[in-house]
Amino acid sequence: MALLPVSEALQRLLDGAAPGEAETVPLAEAAGRVLAEPVMALRTQPPFDASAMDGYAVRAADVAKVPVQLEIIGAAPAGRRFDGKVEPGQAVRIFTGAPMPEGADTIVIQENTSSVGENGVEVTETVAAGRHIRRKGLDFAEGDRLLEPGRVLDAAALSLAASANHAALRLVRRPLVAIIATGDELLPPGSEPGPDQIIASNAFGVAAIAQSVGARVLDLGIAPDRREAISALVQEAMEAHADVIVTLGGASVGDHDFIHDVLTGEGMALDFWKIAMRPGKPLMFGRLGGTRCLGLPGNPVASLVCSHLFLKPLVARLGGRPYQPDMRQAVLGTALPANDMRQDYIRAVVDAGPDAPVATPFRVQDSSMLRIFADANALIVRQPLAAAADAGAPCDVLMLR
């Protein structure tokens, strides 16, 4: 099977991917989730003309000339209106958020008053009609369309939905990503590896990338290099109704690489296998019923790069979440040689420069080296057959953080 260009692989991966069904979620659990339906206002806010300041509700005509003394006839704290009517020469002590009493048409802030006896107030500054009043419906009216489907619920959106009297919202179901690591050489962190074993690391980074765009993750652990063991975990993922099955390692062509055979044996329709990219060439994608299967390379860095390029946009699409890779322009900090037929993703550090950001690649780019991936904040993207480039030449970078 010929090597597939990255852009075509991504297009085929995303083809037909769409948000899942909606579910009702309590507002307290909705942070970071995606709206499936518009949010309509169930009430008017404010529901009445309200004071925007602490002070006195008065008639503007009474304070047109100052100083003037008024009689305090009552109080209106927030949550309890004054039921009487303000007549000429009268005032009501009022607090922020309280309903405006009948007869009053403006607010004198308390800083512009002083007490006179037990029931009097002297106003020392004039105030026009309508000052410091939040009119009924200033924010929104009942029936207004407040939030659109696809909105990621941040602090402001959640507060707005709560203010509109929604205790729960209809949200897109979060896609479930099942992760299966494979390899006799792998042990979980905290183990004591034998002389020929290593600690499995890929699943943690892949899970974090999937979760960053809203996925639920089911880590099914490590399968030894046996068809029946891998098949059992694939069955477990299917029984959990995983939207995506991600396998780590075992998708190459070695004698102990069984992922392709197991998945096709389970009924997976293979879409593509092997991408014209570095790192990440042995990437596999297919469909097992309604579940998408993504076979990632076993090399740690290749696994993470492929997750950024393919898994992240796929999960975002399945979760109805807006997503755009953070591609930027920079200049090279060091020279790079001509590229071959594959698209390169080179770990680099992007720093501010005098005229443009400067992307400096790490000298060694072996796909097993996680330390420099953790130090990198970007990937320099070099197209297939790119010519040699000098330091200072323009380049494209995919920002990681």
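Report, in debye and to the nearest 20, how large the dipole of the chain comes out about its Cα centre when Lys and Arg carry +1 and Asp and Glu carry -1 on their Cβ.
620 debye
Is segment 327-399 rounded, prolate or oblate when judged by the Cα gyration tensor, a ≥ b ≥ c being the square roots of its eigenvalues, rounded requiring a/c under 1.5 and prolate requiring a/b larger than b/c? List each step's numbers first, then the result.
Values: a/c = 1.68, a/b = 1.04, b/c = 1.61.
Cα axes put segment 327-399 in the oblate bin.
Please rank 264, 24, fewest neighbouring Cβ atoms within 10 Å first, as an exposure proxy.
In order of increasing Cβ crowding within 10 Å: 24, 264.
Between 114, 307, 368, where does the largest GNM mean-square fluctuation fall for the chain, given springs only between Cα atoms within less than 10 Å?
Comparing 114, 307, 368 in the GNM, the peak value goes to 114.
For labels at residue 148 and residue 368 in the simple 7 Å Cα→Cβ model, what's the distance in nm?
5.0 nm
How much mean residue ellipticity at 222 nm does the chain get from its helices, if each DSSP H run of length 4 or more adds -39500 (n - 2.57) and you divide by all residues, to the nearest 500 deg cm²/dmol? Intermediate results must be reported in sequence, preceding the final value.
On the way: 8 runs with 68 residues, N = 401.
After summing the helix terms and dividing by residue count, I get -4500 deg cm²/dmol.
Could you give the semi-axes, largest first, of the ellipsoid that matches segment 272-386, computed as the square roots of 5 times the alpha carbon gyration tensor eigenvalues and rounded to whole Å?
Taking √(5λ) for each eigenvalue gives 27, 17, 13 Å, largest first.
Pairs of alpha-carbon atoms within less than 8 angstrom and 6+ residues apart define the contacts here; what relative contact order does segment 327-399 have, in percent?
That works out to 50 percent.
Between 70, 3, 331, whose Cα lies farthest towards the positive end of the dipole of the chain when Lys and Arg beta carbons carry +1 and Asp and Glu beta carbons carry -1, centred on the Cα centre?
It is 70, whose Cα lies furthest towards the positive end.
Can you tell me the 0 to 90 degree angle between the C-alpha axis of helix 202-211 and the longest principal axis of the chain, rounded to 10?
30 degrees
Could you give the dipole magnitude of segment 73-215 about its Cα centre, charging the beta-carbon of Lys and Arg +1 and that of Asp and Glu -1, in debye to the nearest 20?
Approximately 600 debye in magnitude.
Helix 227-239 versus the longest principal axis of the chain: what is the Cα-based angle in degrees, 0 to 90, to the nearest 10?
Tilt of helix 227-239: around 20 degrees.
So how do 362, 204, 82 line up by other beta-carbon neighbours within 10 Å, fewest first?
204, 362, 82
Would you please calculate the Kirkwood hydrodynamic radius of the chain over all C-alpha pairs and express it in Å, rounded to one decimal?
Working: mean 1/r = 0.0387 Å⁻¹.
The Cα-based Kirkwood calculation yields 25.8 Å.
Quick check for the chain: number of Lys pairs with alpha-carbon distance under 27 Å, counting only pairs 8 or more apart or on different chains?
Lysine pair count for the chain: 4.
Can you tell me, using C-alpha contacts under 8 Å and at least 6 residues apart, the relative contact order of the chain as a whole percent?
Working: 947 pairs, mean separation 65.6, N = 401.
Result for the chain is 16 percent.
Express the C-alpha Rg of segment 58-138 as a ratio against the empirical globular expectation 2.2 N^0.38 Å, rounded to two decimals.
That ratio works out to 1.00.
Bear in mind that the values in this text are calculations on the coordinates, not laboratory data. Computed from a predicted model, the values in this text were never measured in an experiment. Cβ: placed from backbone, ideal geometry, glycine included. Neighbour counts: every protein chain shown.
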